[in-house]
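For reference, the structure discussed in these notes is given below.
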Amino acid sequence: MGLFDKLRNELVDIIEWLDDTRNTLVWRFPRYQNEIKQGAQLIVRPGQLAVFVMQGKIADIFESGTHTLNTQNLPLLSTLAGWKFGFNSPFKSEVYFISTRQITDLKWGTPNPIMLRDPEFGPIRLRAFGTYALKAVEPKALLTELVGTDGVVEADEVTELLRSIIASAMADMLAEKQVAALDLASKYREFSEELRKYVQERIDDEYGLAIPQLIIVNISFPEAVEKALDTRTSMGVLGDMNKFQQYSMGEAMRESAQHGGGGEGLGLGMGVAMAGRMMATPGVGAPGGGAPTPPPPPAWHIAVNGQSQGPYAPEQIQQGIAAGRISGQTLLWSPQLAGWTAAAQIPDWANAFQRSPSPPPLPPQ
């Protein structure tokens, strides 16, 4: 490097930031040991602010545009430097550029489930996640509370703090609103704006940041609760459980006949009879009232290819005998029997296998 180039590099006459990133919040101009010359050009592009810091104190702030540095547009810096009659020599000052553009598509989520007391489910745990946008709005608070002496501050350095604030605000909002868990999905848009306001109140004055947008993408239940809800939905779709039970038994026997009478399809009805009895309306059993609730009929099991199938309701066994799917040699079992017994030897079903004698032929005319 020649002597002329060395002398020229000792003074800084153009100060600017060519931001080629999308996540940088603050960038310090790399002055190093160079001095800023009088009349230097400060170029602040749209979406930026330039802040001069001298002796650890924030001085002058410039918005977008091209500025020639002198005592007229550096009044606070002139006061800090003691320039009573202007300055004609180079000076040293730190220059921070702050991006005022929105940093979008940032993610947030609840690291741990939020515990709530739901009016329908009782104590329940919920998780939530979504996206938000971040923007710097107050350079003094931002430089004082978050930047310090760092040369570069990326959005990633503050997202952990913001995710914690959002999760805490989410728990406070849900506790205050006391909305049933099943109604939360219908309020995503309303609650997104509410949550944004909760978060904004906690960061604007303290950190100099703004949350111009926050979206709740999903609020989810624990896996066990989701399975229970699916079961409840399925039962509601089925409607009349007694009719569904009879239909399932008929379909199971038809499937068994298609497989050579082996009865593989009988397993399709397993548990349906029990569910039907659970859904049955109990009788009136109050003291002095009507008849007490009758005990449930016995549950029957069928031996099919060396395996137990069931339980089945008595009416299902009767349908199987009438359709010829259950023969007198088919082994059955129920709690009142000592062990597996052929159907024809069980008093409850023996009569079903006794055929009436055929009438004799008519005498000749």
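The values are calculated or read from the model by the stated rules, or taken from the named source; none is laboratory data. What you are looking at is a predicted structure, and each value in this text was computed from that prediction instead of being measured. Cβ coordinates were reconstructed from backbone atoms using ideal geometry, including for glycine residues, and neighbour counts include every protein chain displayed.
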Selection from the stretch 153-192 of residues without any contact (Cβ under 8 Å) to a residue 40 or more places away in the chain, in contact with a strand residue (DSSP E or B) (Cβ under 8 Å, 6 or more places away or on another chain) and surrounded by fewer than 14 Cβ atoms within 10 Å (Cβ to Cβ) yields Ala185
Of all strands (runs of 3 or more DSSP E) fully inside the stretch 249-365, the set with 1 or more residues that are in contact with a Ser or Thr (Cβ under 8 Å, 6 or more places away or on another chain) and modelled with pLDDT of 75 or more is 300-304, 331-333
Next item on the list: Answer with yes or no whether Asp172 is modelled with pLDDT of 90 or more and on the phi < 0 side of the Ramachandran plot.
Entry: yes
Determine, yes or no, whether Ala133 is at pLDDT 90 or above and in contact with a helix residue (DSSP H, G or I) (Cβ under 8 Å, 6 or more places away or on another chain). no
Scanning the stretch 312-324 for residues that are buried (at least 21 other Cβ atoms within 10 Å of the Cβ) and out of contact with any strand residue (DSSP E or B) (no Cβ under 6 Å at 6 or more places or on another chain) gives Ala313, Gln316, Gly320
Taking Glu226 as the residue in question, decide whether it is more than 30 Å from Gly56 (Cα to Cα) and out of contact with any helix residue (DSSP H, G or I) (no Cβ under 9 Å at 6 or more places or on another chain). yes
Among helices (runs of 4 or more DSSP H) entirely inside the stretch 118-217, those with 1 or more residues being touching a Lys or Arg at 6+ places or on another chain (Cβ under 6 Å) are 156-177
Here the residues within the stretch 63-81 that are free of Cβ contacts under 8 Å to residues at least 24 places away in the same chain and under 10 Å from Phe91 (Cβ atoms) are Leu74, Ser78
